[in-house]
Structures are given as C-alpha cells and as structure tokens.
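See below for the structure under consideration.
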Amino acid sequence: TLAMCQTSICFSAMTGYSKEDLITKTTLDLNIWKNPADRLGVIQEVTKNGFSLNNEFTFLSKEGKEIEGLFSTKIIISNGNPYILSITRDITERKRIDAEIKLKNKQLEESNAEKDIFFSIMAHDLKGPFNSFLGLTEVLADGIDYMGHDIVKKIALNMNTSARNIYILLENLLEWSRIKRNQFSYSPEQLNVSAEIEKVVDVTKELA
C-alpha cells in the first residue's frame with residue numbers, strides 16, 4: 001500500500017493543520033483535495049510512471065479556504081517500503097495576479113475596441129454634416145457679391161441648421177462616451193419620437 005508522506009512544517013503553514021492533526025492521516029482523510037478525483041488521478045499516474053510533475057490542483061485549508069497548488073510527486077523507497085513523496089507549491093497569489101492581468105488585458109482590448117468604434121463614428125457621422133456646412137460656406141464665399149438678400153438669408157439659415165446638427169452629433173457622441181465609461185446616470189424621460197426622427201432627417205437633408 002502506498003502511504004502519503006509530507007514535510008509537516010511547510011504543509012502546516014500552507015493548510016493550517018497542526019502537526020498533531022497530520023499524524024497517521026492521509027490528505028484524503030484531511031479532505032484537502034477540492035476534487036478527490038484529482039488525487040485518484042495522481043495515484044494512478046504515479047503508480048504507472050513512478051512520478052507526476054507540475055500539476056495544478058485546488059486544495060482546501062483547514063478553514064475551507066481554497067489554495068491553488070503546483071503539485072509534484074514521486075515514489076521513494078524507505079526501509080524497503082514504497083512511499084509517495086509529494087511537494088506542493090502555493091501558487092495562489094501567482095494565479096490571482098495572472099487572473100488580474102488577464103482581466104486588465106481584456107478590459108484594455110475592450111477599451112481599445114470602443115475607442116476604434118468611437119473614432120469610426122466620429123469620422124463617419126460628422127463627415128456628412130461638415131461637408132454640408134463647408135459646401136454652404138463655399139457657396140456663400142464665392143457668390144455673396146451677386147447674391148440677393150433672400151438667398152444669403154436662406155444659406156445662412158441652412159448653415160445654422162448644419163451647425164446645430166453637428167453640435168447635436170457631438171453631444172450624442174459625448175453621451176455615448178460617458179455611458180461606456182459608466183459616468184452616465186440613468187434618468188428616463190418621455191421622448192417625442194417624431195421630433196427625434198426629424199432631427200435624424202435634418203442631418204442628411206442639408207447634404208442631400
């Protein structure tokens with residue numbers, strides 16, 4: 001029968017079990033394996049190969065706290081009897097840091113993707129109204145000397161509409177940006193759908 005052998009001082013420090021708790025007990029008796037099937041798998045592997053190296057398992061401390069461990073084990077012979085000598089390195093902190101790094105990288109990727117979308121929207125949605133506005137200023141600059149008052153007034157009104165639409169677009173983009181950064185408070189209100197549709201139509205009407 002294979003017996004479990006541990007360095008009691010390090011094992012006690014990691015799991016919270018005292019030396020007295022460990023005497024005559026196996027790790028299965030102490031219920032330190034979160035998944036007992038992991039232990040069975042190690043026993044089968046080490047019985048077949050004589051060793052098992054650098055497997056990551058989750059263990060439980062005496063208080064039930066989860067411990068991420070890097071587990072290696074091999075068969076040794078002492079006084080003619082086979083024993084399993086195992087070494088478990090506590091990698092809980094390393095795993096926590098790795099998880100944080102992965103989360104930060106994911107958040108950074110999402111942030112960069114949102115920025116790309118933001119700049120794409122700016123380039124696409126603002127280009128139309130700006131082209132309309134620039135076209136009107138060009139017409140006004142080239143023909144103001146021979147234009148009548150009514151035509152100048154009409155162009156000026158169209159320019160004002162274009163400028164207002166550009167401002168509305170900028171406000172919408174800023175609101176979208178605040179929502180993405182969780183800086184926008186939820187404040188529902190009634191909406192005049194007809195008026196909002198008219199705003200959208202106005203954005204392209206001048207360009208048309």
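Bear in mind these aren't lab numbers, they're just calculated from the coordinates by the rules spelled out. Every value quoted in this text rests on a predicted model; they were computed, and no experiment measured them. Methodologically, a virtual Cβ is constructed for each residue, glycine included, from the backbone with ideal geometry; neighbour enumeration extends over all protein chains shown.
The table that follows gives values for the structure above.
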quantity: Cα centre as origin, Lys/Arg/Asp/Glu Cβ charges: the chain dipole, Debye; calculated: 1000
quantity: Per residue Cα convex hull volume in Å³ - calculated over the chain; calculated: 219
quantity: Relative contact order, percent, the chain [alpha-carbon distance under 8 Å, six or more residues apart]; calculated: 15
quantity: Gain on full stretching of the segment that runs from residue 140 to residue 167 - 0.36 nm per residue minus C-alpha separation; calculated: 7.6 nm
quantity: Violating pairs (Cα-Cα greater than 27 angstrom) within the set 74/95; 153/205; 106/180; 115/154; calculated: 115/154
quantity: Longest segment of the chain lacking GluC sites (Glu not before Pro) that sit in a DSSP loop with at most 10 other Cβ atoms within 10 Å; calculated: 64-188
quantity: Residue of 42, 152, 193 that the Gaussian network model of the chain assigns the largest fluctuation, springs spanning Cα pairs under 10 Å; calculated: 193
quantity: Helix axis angle, 36-49 relative to the chain longest principal axis, alpha carbon, degrees; calculated: 60
quantity: Under 22 Å from residue 19, Cα to Cα: lysines that are on another chain or at least 8 residues apart; calculated: 34, 62, 65
quantity: Nearest-ten-degree value, helix 149-180 long axis tilted from longest Cα axis of the chain; calculated: 10
quantity: Bridge type composition, the chain - antiparallel percent by DSSP, nearest 5; calculated: 85
quantity: Where labels lie 7 Å past Cα in the beta-carbon direction, separation of residue 34 and residue 118 in nm; calculated: 3.7
quantity: Over the chain: helical MRE at 222 nm, DSSP H runs n ≥ 4 each giving -39500 (n - 2.57), nearest 500; calculated: -20000 deg cm²/dmol
quantity: Degrees separating the helix 193-205 axis from the principal Cα axis of the chain, which is the longest one; calculated: 70
